[in-house]
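Everything below concerns the one structure shown next.
The values are calculated or read from the model by the stated rules, or taken from the named source; none is laboratory data. Treat the numbers as computed from the prediction; the structure is a model and nothing was measured. Here the Cβ positions follow ideal geometry from the backbone for every residue, glycine too, while neighbour counts run over all protein chains shown. Accessible surface areas use protein heavy atoms only, side chains included; no ligands, DNA or RNA. Shrake-Rupley method; radii C 1.70, N 1.55, O 1.52, S 1.80 Å.
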Amino acid sequence: EDEKRKYIKGKKLGEGTYANVYLGHSRRDPSLLVAIKKIKVQQQYQDGMAPDAVRELKYLRELHHPNIISLLSVFSSKDQNLNLVLEYLPLGDLEMLIRDVDRVRYGAGDIKAWMGMLTRAVWFCHDNFVLHRDIKPNNLLIAADGEVKLADFGLARGFADPGRRMTANVITRWYRPPELLFGARHYGGAVDVWSVGMVFAELIIRAPFLAGNTEVEQIALICKQIGTPTEEVWPGVTQLREYTVPSDVVAVWGKEAYMTRFGAVGADGVDLLVKTVALDPKKRITAREMLQHRWWRTDPKPTKKEDLPRKS
Ligand code: ADP
């Protein structure tokens, strides 16, 4: 109740699937701007916002990292709505930049900078036993100083103990890894790494890499563009509860095949991309290993955040 009194709510900034977002400021320091995200009632007790998600959010308040949106406070309003007080990020999101092909130009150094910020955010989540589970360009918000921040922890949760089952119905379809499309109930950080790979590909080609209209189509696209998940490349995959692939098996594409389409980030960048989209989650690179990849150190260097392209 005290938390609510600390902030004054202002105009509506936007409306999302799960929430209405308002500009706000601190009562004590009116120059401190915040975004107040009011979760829609009917959403609160669905999977993403189950009561234990409230507990989850409480510990996200302690997840402090420059590339993760700060959750400053959580309170419930008189109508029982859950309100999240977040740092205010005024420069839009990565999706806006990717899509604005006519006005926004960017190159390999910019992609490297954005990918570095995203990868550090994901590594930090995983290092603290939190899965984000909804990584996509639209959830990567941009701060006034150009820093990219992973936002929208509505679907986040802690790593389950190995015995506990989790829902497979998470992550926006285009960014969803094969293990989730096949209904896996035991999964880990690799689900986020796949999404990071999809964002990486999208930054390069400036269009979603695998944009299926249905789950079946999404699986078909993965098979066609990456390779068919079979026992040979992914032992145990055929045992997943919803395993089904098109009958014409496609061999997993090699690095050379990616070079033609994604070569703008160089051979090292393509090497990293290929490792993030390994079909078998056990063989997929981890966020920690991603940070050790040589791509970050080869030219071009990541662009300084203050020099990154912005929305016009
Ligand atoms: P969705 O993820 O469905 O786009 P959100 O509920 O996350 O929607 O946010 C809705 C809108 O509110 C966003 O498009 C954005 O314009 C705005 N918004 C969300 N969070 C912030 C924030 N921290 N700072 C500034 N604007 C925000």
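Over the heavy atoms of SER76, what accessible area does a 1.4 Å probe trace out, to the nearest 10 Å²?
60
Explain nothing, just the number: dipole magnitude of the chain about its Cα centre with +1 on each Lys and Arg Cβ and -1 on each Asp and Glu Cβ, in debye rounded to the nearest 20. Before the final figure, lay out each step's value.
Numbers: 46 positive and 39 negative charges, 166 e Å.
The dipole magnitude comes to about 800 debye.
Through the Karplus equation 6.51 cos²θ - 1.76 cosθ + 1.60, θ set to phi - 60°, convert the phi angles of the stretch 296-312 into ³J(HN,Hα) values in whole Hz; use x for Gly and Pro.
For the stretch 296-312, the Karplus curve yields 4, 9, 8, 6, x, 5, x, 4, 5, 4, 6, 9, 5, x, 10, 5, 9 Hz.
Keeping all protein chains in place, calculate the accessible area per residue for the stretch 79-134 (probe 1.4 angstrom), answer in Å².
Details: 2080 Å² over 56 residues.
Spelled out: the 1.4 Å probe surface of the stretch 79-134, per residue, equals 37 Å².
Accessible area per residue for the stretch 205-263 in Å², computed with a 1.4 Å probe and the full protein assembly in place, what is it? The partial results should precede the final answer.
Working: 3390 Å² over 59 residues.
Solvent-accessible surface per residue comes out at 57 Å².
Over what distance in Å are the Cα centres of the stretch 252-268 and the stretch 8-42 separated?
The distance from the Cα centre of the stretch 252-268 to that of the stretch 8-42 comes to 42 Å.
Rounded to the nearest percent, how much of the accessible area of the chain (1.4 Å probe, protein heavy atoms only) is carbon and sulfur? Numbers along the way, then the final one.
Numbers: 7840 of 14940 Å².
Carbon and sulfur together cover 52 percent of it.
Please give the calculated 222 nm ellipticity per residue for the chain, where each DSSP H segment of at least 4 residues contributes -39500 (n - 2.57) and the sum is spread over every residue; nearest 500 deg cm²/dmol? Write down the numbers at each step before the final one.
Values: 10 runs with 95 residues, N = 312.
The helix contribution divided over the chain gives -9000 deg cm²/dmol.
Is the shape of the chain rounded, prolate or oblate, going by the alpha carbon gyration tensor and its root eigenvalues a ≥ b ≥ c, with a/c under 1.5 for rounded and a/b larger than b/c for prolate? Before the final figure, lay out the partial values.
Details: a/c = 2.05, a/b = 1.35, b/c = 1.52.
Taking the square roots of the gyration eigenvalues as a ≥ b ≥ c, the chain is oblate.
In whole Å, how far is the Cα centre of the stretch 98-122 from that of the stretch 278-312?
10
What are the ³J(HN,Hα) values, in whole Hz, obtained from phi via the Karplus relation 6.51 cos²θ - 1.76 cosθ + 1.60 with θ = phi - 60°, for each residue of the stretch 242-253 in sequence order, with x given for Gly and Pro?
10, 5, 7, 9, x, 5, 7, 5, 9, 5, 4, 5
Across the stretch 260-277, in residue order, what do the Karplus-derived ³J(HN,Hα) couplings come to in whole Hz, using 6.51 cos²θ - 1.76 cosθ + 1.60 with θ = phi - 60° and x for Gly and Pro?
4, 8, 10, x, 4, 9, x, 5, 5, x, 5, 4, 5, 4, 4, 6, 7, 10
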